[in-house]
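Here's the structure, in structure tokens; my notes come after.
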Amino acid sequence: MRKPFLLFICCLGCISLYGQDLDSLLVDRDDRNYSLRIFSNFKVNKFNITDSDSKTKFVPNNRYGLGAGFANKKIIIDIAINIKNPNKEKTSRFDLQGTTILKNKNYVKIFTQVYKGFNVKNDFDEPTVFRGDIRSVSVGLNYLYTFSDIEFSYSVLKAGLANKNYDNVFITGGIGAFGSFDYFSGNPSILSETTSPYYNEQADVKRYKGLSFGVLAGFISFFKLSNNISATLNVMPGIGLVDKRVQLQDDSFKPSDPMLYKLDFLVGLSYNLNRYYVSLTYNNGIYSTNLDYGNNYLLNLTKAKLAVGYKFGNRK
């Protein structure tokens, strides 16, 4: 029962909606807008622990996927299979990231990522090792209210239809809010016996939990570069407060610095022909906070997708 439910949630996460009511949200009555697509994606949840002298990175395996989907002007549904390298340790993962524009002025992004199994890399020449016990959970929502109507749809851009009925340049700014929950853990801690000597005792974290809320601002843009090429660029920095808890092997503490800093950006490019289109998007979210005692934590959430589609319908 669990797997079908997760598959259903994944499908919902790939849906991009645009319109004012249920019919306009879900139904596209123009058969020329329908297409089938194949795609490759890249998804990763990675994090760093750093101090003034050292840096340790926790990077998952099997970050790539292949899949197929269906698209029209109102909706995109993509389903992918995660590619696993038989020569590498497997990262267990559930990764949902979705973006939508609601009622012309509301940009919403959600993500839920649960990863277990990370390569532990460093900048002080200790060998890279895979740790199957390290787990990371990230859940969040970003919301931006724009000062003017958003005059394009992400479904339209990603489905190779964005060159029609739009101005050559569109830019709007806005303000909004975000919230997130972040967690990571290791057994007995995230640092090993060979890497922990490079840090102080408070960096050898067994478990971290952070619940944050904050404000953000930014802009959303669309550019028609030629009759066949269009692009989008979004940048949204934010600042917030985070309630943090750090558990060590023999102790625990609450970091005194409550600040969290974030930056989200998205870059998209679409090449559209009569029957075919190519769409490329790259989305990155960066969250940074201080763990006290000279230690810092950085979370990096990345999603990229390259899709090639074939459009149906009468195209005389």
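In nm, to one decimal, how far is the Arg245 label point from the Ala231 one, both placed 7 Å along Cα→Cβ?
So the label points at Arg245 and Ala231 sit 4.6 nm apart.
Calculate the length of the line joining the C-alpha centroid of segment 176-244 to that of segment 249-308, in whole Å.
One Cα centre to the other: 6 Å.
Given Cα pairs under 8 Å that are at least 6 residues apart, what percent is the relative contact order of segment 31-311?
19 percent
What whole number of Å gives the distance from the Cα centroid of segment 39-114 to the Cα centroid of segment 127-144?
Going from one Cα centre to the other spans 11 Å.
Take the Cβ-Cβ distance between Met259 and Asp123 as r, set R0 to 25 Å, and report the resulting FRET efficiency rounded to the nearest 0.05.
It comes out at approximately 0.50.
Between Asn104 and Ser221, what length comes free when the chain is fully extended (0.36 nm per residue of separation minus the Cα-Cα distance, one decimal in nm)?
That works out to 40.8 nm of additional length.
Counting just the Cα atoms, what span does segment 31-311 cover along each of its three principal axes? Round to the nearest Å and put the largest first.
63, 45, 25
All of the numbers you see were taken from the coordinates with simple rules; none came from a lab. All figures in this text were calculated on a predicted structure; none of them were measured in a lab. Ideal geometry is used to build each Cβ from the backbone, glycine not excepted, and the neighbour counts take in all protein chains shown.
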